[in-house]
Every structure is written in C-alpha cells, then in structure tokens.
Amino acid sequence: MRYSSFFLHTNKDAKEFDSINATLLQKGGFIDQTMSGVYTMLPIGLRVLNKIEAIVREEMDTIGTEMLMPALSPRSLWETTKRTEIDVLLEARGANDASRKRNDASYILNCTHEELVTPIAQKSKSSYKDFPFAVYQIQTKFRNEERAKSGLMRGREFRMKDLYSFHKDEDDLLTYYEQVKKAYTTIFERVGLGEDTKITLASGGDFTTGFSHEFQTICDAGEDIICIDTETGIAYNEEIAPEGKTYEKHKASEVGNIFPLNIKFSNAFNYTYMDENGKPQLVYMGSYGIGTTRLMGVIVEKFHDDKGIIWPKSIAPFTVYLAGLNRDDEDTVRKADEIYTALKTSGIEVLYDDRDIAPGAKFSDADLLGIPYRVVVSKKTGDQVEVKSRTEAETSLVDIAACIERLKG
RNA sequence: CGGGGCGUCGUAUACCGGCAGUACGCAUGGUUUGGGACCAUGUAGACUGGGUUCAAUUCCCAGCGCCCCGACCA
C-alpha cells in the first residue's frame, strides 16, 4: 500500500485523552470519534481489527460454526426472558411521526444474543442426536453505557465475538466449557496478551446464580481488580474474593468471559429436546464473549512507548514501513519502487511511504503507527536497504534478499 | 446516575462587551532533504435558541454536545 493513496492521516498534535489507547489510536489515524463511546474504524485501524478477528475466527472454527445474527431484534424476545430492564439496553424506533405510524414497534439494539440464538436453535435442533453444537458470530453490539470512557475499552457501540453452546446436560456443558477456555487461551496468546491474561473466577452476574470465568488482562487502564491468591495462584475478581486469604492485587481489563447459562434461557423459551426415551428435557447452554475492539484497545495499552504504538506482529496493520527518502532523486525513487514491489511479491504487507516529506516525519510516523519493521531506502543505502525493528534503536544495512528473509521470518 | 469542567478555522489553542489571533494541517511557489525543514502567499472558525445591551464570540438562562472524577459495568 502506498501511503500517498492510502486513506491515512496522522495527527501528532491531537488532544491527549484519559487513556493511552484513545490518544495513540486517534493520533495515528486508526480511529475517529463519531460521538462519545462511538468510533469509526479508519482503514489502518480496520486492518488491525480484521487481523484480531481473523485470529478469533480461526480458533472459534475449531469449536463452533460461524453465523451472523441481526443487530436489531423485537422487544418481545427480551420480554420473554424478562431482560427489558437491563439498564444498558438500547432501543431503536422510527425517528419521526410518519415512520412511527407506519410501524408502531420499538426494537432492541442487541447487547448480546441469547434472545436471538435460542429460538433459532429451537427451530431445528430438537433431538438428543443433534447435541452438542455451538454457533458464534462476530458482530457489532450496543450498550448504552452511562459513561463511555477510555477509548475502545468501554464504548457504546463495539465489536464482539459471541459464542453459544447447546448441550444435553450439565456435564457435557462443562466439558465444552473447558474447551472454550483452551481456545480463548490460545487466542490471547496469539494476539500477544498470553502472559498477562488471567482466567479469573467471577460471579455469574445476571445470567446465573453460579460462577463464571473472566479473562482479565493485567493493565493499568483496566476497570476491574483481580486478586491472585498468593498460595494457589488462582485469580478471583475482587467482587468474589474470599475473606482471609492473601492476594496479589492487579488492575485488569476484562477481554473475554465465559458463562455456563445452564437452563436459564432454554427455560424462558421452553427449549427442550427429545431424549432417548422420548421425554422432553431442557437444553443446557453456555455463552462466551470476546470484545474484539476492546482487545485492540488493551493491546495498545500494553504495547507502546513514548513514540507510539508497538503492535505485536500477529495483528500489526502492516509488517513493514518502507520509507523511501530522497524523493527528488530518480534513481532512489526507482529503487524504492522496486523494493516495494519485491516485498509485496514476497507476500509481505508493506506500507510504502512515498511522500515527499522530511525523513524525520516519516520516521516518527513509522514509530507512531507501530509497524513492526522499518525499511529505509535512500541515497545512502546504495544497493542495500536499512532495516530495524520497531523496538530496536540501531539499524542494520543488509542486502534486499536478506531483508526479505528477515521480514518473512 | 451524582459532581466538576469545557464548547472559537479540519486539529490544538489565545484574546476580548466594539474589525477574532497564533501554531499545526491543507493549497501554491521557491529553497531544502537521515528523527516532526525553512521562507513567502493563500485557505478556513465563535454549538443552538432565548435574554441583557447602542453593541454579545465575550455576560445571564435554557437546550444540545464533549471531556474528567465518582457510582455503575450482561
């Protein structure tokens, strides 16, 4: 991608916000705020989000099947489960009298999809032979947060992967629940958060009187506090940490959560299957979420320095920032063009800064954007190129072939 | 939802009851070219409504919006 034809504009003088991710993502031109808690994913930001979601999708495909449910749903579904009182629930309706006359209904902008997925499953999966099964989606969710804050970490409109599993009994649900834990662990490892993400015991919240598990990434910008039992190493959400134990406390951000719903929703919708003896039995369900936009925010919170973002390679918008200097020199421009083509041909994702601006402006953009490698072509580099990683201070001059090998590796 | 703050070119900010300024960006020209270049010339702005006043961007009220602290957080 050539910078000159990419829809990208950095603004290093943009306002500082309460959180690092809000500030850096806006300075880097990854996101643009539309209103409080609502952001546009600009092209370079979307590249990151797509990579995160691709990883999530790959891991989810090992334990479930992707589908896509609507963002809008009828209020009646939420009345069935008595969840119309959720305080963050958003409603949509005709914006003016004319459209209200045409359609009197009000709709819910879904914050989660148990109300949608349960009746869908009920329509076709009603024999014990059908179980277990699981479906997931990656989709935009809505929550009318009282106070949106911290950039992508608490928005009113955000992206979420939600997975729903269906089982004949509790044992089977719990077996699957453990599989989800493994898949989630793999996801957080792959996006670079493995080390600091703790499986944390939490209350079941609105869903169940039992337990649930949260995936909490230790992070100063986080809104939760997790307590790690110094003896057992087990992490608890502060809200349920038992008295009389010693804990290591950390601020953390909830990047994923998993709930054994048991029969809460199947009961509300009277979703039963026919067992081996021809008797109807309530279905056991689980639900499992990962906020993909929040994940993006947390990654910025974890990986940055005073110059900008440092994206982990697995989710970086590009692998390499190719800075073509000396744009007034035809030979150097031609050489940079050739290297750009060579990198692309090798399957390397490259952002080619072909603008006629000062070298320092390019370097600072490269740092701000957080692209893992920087390659420089200039009068000084001759037949070679200069390469350095985002975190290295020193550059090295190497042959083009060697450079490509390094970037591929 | 309680409390506080703020709404001025695209962005960041300043001043002022009497012609709204600076910087960045953007445009054009010239000089530059390894850590955010320089010079020149341009470009573009007072959230909305009401009130006070000879005169309001400025003061007052309301609405809307945004930010921050706290509460909340399936």
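Throughout, read-outs are computed from the coordinates displayed, never taken from laboratory work. The model shown is predicted, which means the values in this text are computed figures rather than measured ones. Here the Cβ is made from the backbone with ideal geometry for all residues, glycine too, and neighbour counts use every protein chain on show.
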Relative contact order, percent, chain A [alpha-carbon distance under 8 Å, six or more residues apart]: 16
Using alpha-carbon positions, the gyration tensor of the range A:19-64 gives root eigenvalues a ≥ b ≥ c; with a/c under 1.5 called rounded, otherwise prolate if a/b exceeds b/c, else oblate, the class is prolate
Treat the count of other C-beta atoms within 10 Å as a stand-in for reagent exposure and order A:Trp78, A:Trp311 from fewest to most. A:Trp78, A:Trp311
With +1 assigned to the C-beta of every Lys and Arg and -1 to the C-beta of every Asp and Glu, and no other charges, what is the dipole magnitude of chain A about the Cα centre in debye, to the nearest 20? 1060
Where a ≥ b ≥ c are root eigenvalues of the Cα gyration tensor, a/c under 1.5 meaning rounded, otherwise prolate if a/b exceeds b/c and oblate otherwise, the range A:318-408 counts as rounded
Checking the table A:Lys15/A:Lys307; A:Lys161/A:Lys182; A:Lys15/A:Lys198; A:Lys12/A:Lys161; A:Lys141/A:Lys249; A:Lys27/A:Lys161 against a 25 Å threshold on Cα-Cα, which pairs fail? A:Lys15/A:Lys198; A:Lys12/A:Lys161; A:Lys141/A:Lys249; A:Lys27/A:Lys161
In whole angstrom, the spacing between the Cα centers of the range A:75-144 and the range A:370-409 equals 51
For each of A:Ser253, A:Ser378, A:Ser364, count neighbouring Cβ atoms within 10 Å of the residue's Cβ, then give the residues from fewest to most. A:Ser364, A:Ser378, A:Ser253
Once you list every other residue whose beta carbon is under 11 Å from the beta carbon of A:Pro312, what net charge do they have if Lys and Arg are +1 and Asp and Glu are -1? +4
Counting sequence-distant residues (5 or more places) and residues on other chains, those with an amide H built under 5 Å from that of A:Arg154 are A:Lys149
With +1 on the Cβ of every Lys and Arg and -1 on the Cβ of every Asp and Glu, and nothing else charged, how large is the dipole of the range A:301-358 about its Cα centre, in debye rounded to the nearest 20? 320
Dipole size in debye (nearest 20) for the range A:289-409 around its Cα centre, Lys and Arg Cβ +1, Asp and Glu Cβ -1? 460
Among residues other than A:Phe158 whose Cβ falls under 14 Å from its Cβ, what is the net charge (Lys/Arg +1, Asp/Glu -1)? +3
Test of understanding: given chain A, find the longest segment containing no GluC sites (Glu not before Pro) that are in a DSSP loop and have at most 14 other Cβ atoms within 10 Å. A:277-391
If you project the alpha carbons of chain A onto the principal axes, what extent comes out on each, in Å, largest first? 80, 64, 42
Once a ≥ b ≥ c are taken as the square roots of the eigenvalues of the Cα gyration tensor of the range A:89-243, is the result rounded (a/c under 1.5), prolate (a/b larger than b/c) or oblate (a/b not larger than b/c)? oblate
Listed residues A:Lys279, A:Lys264, A:Lys168; largest mean-square fluctuation, Gaussian network over chain A with Cα springs below 10 Å, found at A:Lys279
A correct fewest-to-most ranking of A:Asp32, A:Asp337 by other Cβ atoms within 10 Å would be A:Asp32, A:Asp337
Expected vector for the range A:3-13, Karplus 3J(HN,Hα) from phi with 6.51, -1.76, 1.60 and θ = phi - 60°, integer Hz, x for Gly and Pro, equals 4, 5, 10, 8, 7, 8, 8, 7, 9, 6, 9
Report ³J(HN,Hα) in whole Hz for each residue of the range A:139-146, in order, from the Karplus equation J = 6.51 cos²θ - 1.76 cosθ + 1.60 where θ = phi - 60°; Gly and Pro get x. 7, 7, 10, 10, 9, 7, 4, 4
Between beta-carbons, use under 12 Å as the cut-off and find the net charge around A:Ala241, counting Lys and Arg +1, Asp and Glu -1. -4
